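Notes to accompany the following structure.
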Ligand code: 2RA
């Protein structure tokens, strides 16, 4: 029989993208059961061209389910993923609740698909969207050159902060459009009043050097996720990683500048060749023709786009890259769907 899939958090921002992705990809699933909080249960959503009623999260909804993709807040995942696993489902969890648990693999199929096979808790974790937006390209370069250090800055889209993030940017853009704002200190902030939404400063006509919560020594949780998750996915527990995460006025698609240092000397031609043949990566790198990835062009696509590839002028072992990835697709829903497919193939083998 075909494996049965549950999507928990089907009505959320990532859940909606996941239903679209499941409708586009090879249809390997038997039933696709949709689940949400009691508040959104009863709604009908379309998947694979059919309307499906959303069920309220409860132990019984996991009966007969082989794979359950969770896209819910950390605390909901922490409570419910083990319940789904105890009912026999393999859980693919997109929250941060289990990512650093040594008994939970953190999987990016292009980089470490094999890790999904060893899952003592019955849970496979999906990385954070910022890590995911760069790691497929870095995994390919690491396999050839041996990564030794990463210094990255992110340019993160507001949809990473959910529907509230998108609504906030849209209403802030409406408030500044057609005005002279942005020329004197604080004028944008004053115009926003108390409509900052999930961000600590205006995001329209601005950039905000903050994502996530405050952790020790001034680091943000998002910056530590990039460090810890990159190390785990690449199997490099001692990798030197420094990240600075910044929110920018983009709806969807995270970008990163990456300074990647390797064990071996690198060349731009070599990096181009590796990246061009890496699954899930597209090279878009011809600045003379104005060709480099931008979020406006990358949004809605599946691959990791790489451009501006340069060898560091002062270090023959280091590359500079500009990387873009759709944070709702590869950064969340697509990677989760790919993990679910890897697990389904194993279960039906
Ligand atoms: C963000 N990475 O962009 C987060 C969402 N998971 O805020």
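Label the stretch 30-129 by shape, choosing from rounded, prolate and oblate, from the square roots a ≥ b ≥ c of the eigenvalues of the Cα gyration tensor; if a/c is under 1.5 it is rounded, and otherwise prolate applies when a/b is larger than b/c, oblate when it is not.
Verdict is prolate for the stretch 30-129.
Sorted from longest to shortest, the spans of the Cα atoms of the stretch 57-215 along the three principal axes equal 58, 47, 27 Å.
Compactness of the stretch 146-265 is given as radius of gyration and Dmax, 16.9, 52 Å, from Cα positions. When only Cα pairs below 8 angstrom with a gap of at least 6 residues are kept, the stretch 1-46 shows a relative contact order of 52 percent.
Compute the orientation-averaged projected area for the chain from the convex hull of its Cα atoms and round it to one decimal in nm².
Numbers: hull surface 77.9 nm².
For the chain, the mean projected area of the Cα convex hull comes to 19.5 nm².
Viscosity 1.306 mPa s, temperature 10 °C: what is the translational diffusion coefficient of the stretch 140-199 from Stokes-Einstein with a Kirkwood Rh over Cα pairs, rounded to a whole number of µm²/s? Mind dumping the intermediate values first?
Working: Rh = 14.5 Å.
Taking Rh from Cα pairs, D becomes 110 µm²/s.
Every Cα-Cα pair of the stretch 1-88 was included, and the share exceeding 18 Å stands at 37 percent.
Can you give the direction-averaged projected area of the convex hull of the alpha-carbon atoms in the stretch 217-349, in nm²? Please list the in-between numbers first.
On the way: hull surface 42.5 nm².
Mean shadow area of the hull around the Cα atoms is 10.6 nm².
For the stretch 153-286, the relative contact order is 34 percent, taking Cα pairs closer than 8 Å that sit 6 or more residues apart in sequence and dividing their mean separation by the residue count. Entry note, the stretch 26-119: relative contact order of 18 percent, from Cα contacts under 8 Å with a spacing of 6+ residues. Using the Cα gyration tensor of the stretch 271-330, with a ≥ b ≥ c the square roots of its eigenvalues, what is the shape: rounded (a/c below 1.5), prolate (a/b larger than b/c) or oblate (neither)? Because a/c hits 1.5 or more and a/b exceeds b/c, the stretch 271-330 counts as prolate.
Output the direction-averaged projected area (hull surface divided by four) of the convex hull of the alpha-carbon atoms of the stretch 102-188, in nm².
On the way: hull surface 38.1 nm².
For the Cα atoms of the stretch 102-188, the hull's average projected area reads 9.5 nm².
Note on the stretch 213-252: semi-axes of the ellipsoid equivalent to its C-alpha gyration tensor, largest first and rounded to whole Å, are 21, 14, 8.
We did not get these values from a lab; they are worked out from the coordinates using the rules stated. In this text the structure is predicted, and so the values were computed from the model without any measurement.
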